[in-house]
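The values are calculated or read from the model by the stated rules, or taken from the named source; none is laboratory data. Not measured: the values here are computed from a predicted model. Note that each Cβ is placed from the backbone with ideal geometry, even for glycine, and that neighbours are counted across all protein chains shown.
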Amino acid sequence: MANFQGNRINPSRFSRGQIKFHIIACPLSIFMILPVVFLIGNAFKPLGELFKFPPTIFAHNPTLDNFKNLMNLAGSTGIPMSRYFLNSMIVTVLTVVLNLLITIMAAYVFSKKKFKIKGALWEINQMALMFVATAVSIPRYLIIVKIGAYNTWFAHILPLVAMPVSLFLVKQFVDGIPDALIEAAVVDGAGDITILRKVIIPLTKPALATSVVLTFQQVWSNVETSNNYITNEALRTLTYYCNSIGVNNAVAAAGMVAASSLILFLPNLIIFICMQSKVMNTMASSGIK
């Protein structure tokens, strides 16, 4: 029994005890991956196949015309597609980095520090989990205009720089760090920054990776900021451009819409694959708690 590993969350080798799980998991995995395969296939289908009924999962006559038309359309507007992509990368990277810094520092303060309005501030964060972006769109717009961030890079970053769900998730991990470990670091002369770098961050890597994935997906797919706070076309993001393609003629632009959907989907897939093990550890830890 000491060598049995078949029922571990992440077993290091195959065991016959896993066969029953594979029998159930394999068909479910195939079923769940079909939308991804269908999305990829659609991007390479000619226009005739996109409207074929019944629809097919794979492209029978694959073509790159959808991507070529997408690039040509962007060039005809005066703003190349590479500009939209660069804008999205700049906004996403800056927002994710700032969000990560704010989240880990706030989680440390809420978990390990004591101050008078700590409870009230945490309740505000919990209440913020209930609000969707639409409910706070007008206050956000007024704030962006008042601080002079309208039509600037900051208008993309400010609305998404703090995410209540990320703070909630990371704080639960910081709560699990023994106070004795923090006290030992203080006795050794460590300040708050050193404690964050050498104690908190190494022990909360799974939660931070999950926070990065959630923030990346939120920022990368965000259209609200380009719609509401930006009028300069050169500052708008790739998601805004891709979502505006099929507005005037959904039928003729169906191929370009399919190609743009794949382009928008791939970064989310890549970031999740890169941090999959950390995210799974976070879910496993949350389930155990």
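For region 72-113, name all the residues that are surrounded by 14 or more Cβ atoms within 10 Å (Cβ to Cβ), over 25 Å from the mean Cα position of the chain (by Cα) and part of a helix (DSSP H, G or I).
Leu73, Ala74, Lys112
Tell me the helices (runs of 4 or more DSSP H) entirely within region 132-244 that contain at least 2 residues that are at pLDDT 85 or above and either among the basic types (Lys, Arg) or buried (at least 19 other Cβ atoms within 10 Å of the Cβ) (or both).
In region 132-244, the matching helices (runs of 4 or more DSSP H) lie at 137-146, 153-157, 164-175, 205-220, 224-228, 238-243.
Going through region 207-223 one residue at a time, which ones are within 9 Å of the chain's Cα centre (by Cα) and more than 20 Å from Ala106 (Cβ to Cβ)?
Across region 207-223, the qualifying residues are Gln217, Trp220, Ser221.
Scan region 274-281 and give yes if some residue there is part of a helix (DSSP H, G or I) and modelled with pLDDT of 85 or more, otherwise no.
No.
From the list Lys20, Lys52, pick out the single residue that is part of a loop (DSSP other than H, G, I, E, B) and without any contact (Cβ under 8 Å) to a residue 12 or more places away in the chain.
On the way: Lys20 fails: part of a loop (DSSP other than H, G, I, E, B).
Of Lys20, Lys52, the one residue that is part of a loop (DSSP other than H, G, I, E, B) and without any contact (Cβ under 8 Å) to a residue 12 or more places away in the chain is Lys52.
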